[in-house]
Amino acid sequence: MRLRSRSEEPANLRLENALRAWRKRLGASGSKYVPVPEEEAVWASCDECVRRGNMQEAAAAYAKVALAFESEGMFLKAIAAWKRASRLDPMRADTTAGLLRTYRLQGLDAEAKALEETVRGEAKH
């Protein structure tokens with residue numbers, strides 16, 4: 001039986017492994033404000049989808065990362081991930097909803113209102 005190299009693993013499996021390692025290290029560090037090396041692997045897993053040209057898969061990966069950051073109370077990182085997902089696949093309703101929710105959780109009411117107005121304006125056209 002031949003073992004697969006890391007580059008041959010499916011992107012979603014690499015992302016899941018990276019998220020699992022990140023959560024484990026985050027729990028061990030005791031602080032969500034100290035960046036951990038595993039976080040870079042999480043972002044790299046998403047970036048790899050972009051390099052391969054699969055924007056829908058990349059947007060889904062960034063959305064999954066955004067939810068992970070959000071669940072840990074890391075709202076600014078979640079916003080960054082939601083924005084990346086939204087730029088890659090603007091038609092995904094869950095990215096807009098996630099970004100809007102995270103803006104509100106962070107108390108960024110002006111940004112939330114601006115996003116709502118943008119969505120309303122796009123819906124009219």
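A few points about this structure:
- Candidate set: region 34-80, residues that are more than 26 Å from residue 109 (Cα to Cα) and of a type in the set (Val, Ile, Thr); chosen: the one modelled with the highest pLDDT: 50
- Scanning region 51-71 for residues that are farther than 17 Å from residue 90 by Cβ and exposed (fewer than 15 other Cβ atoms within 10 Å of the Cβ) returns 51, 52, 71.
- Against the test of being assigned to a helix (DSSP H, G or I) and touching a residue at least 12 places away in the same chain (Cβ under 8 Å), the options 59, 114, 97 yield a single qualifying residue, 59.
The values are calculated or read from the model by the stated rules, or taken from the named source; none is laboratory data. Not measured: the values here are computed from a predicted model. Methodologically, a virtual Cβ is constructed for each residue, glycine included, from the backbone with ideal geometry; neighbour enumeration extends over all protein chains shown.
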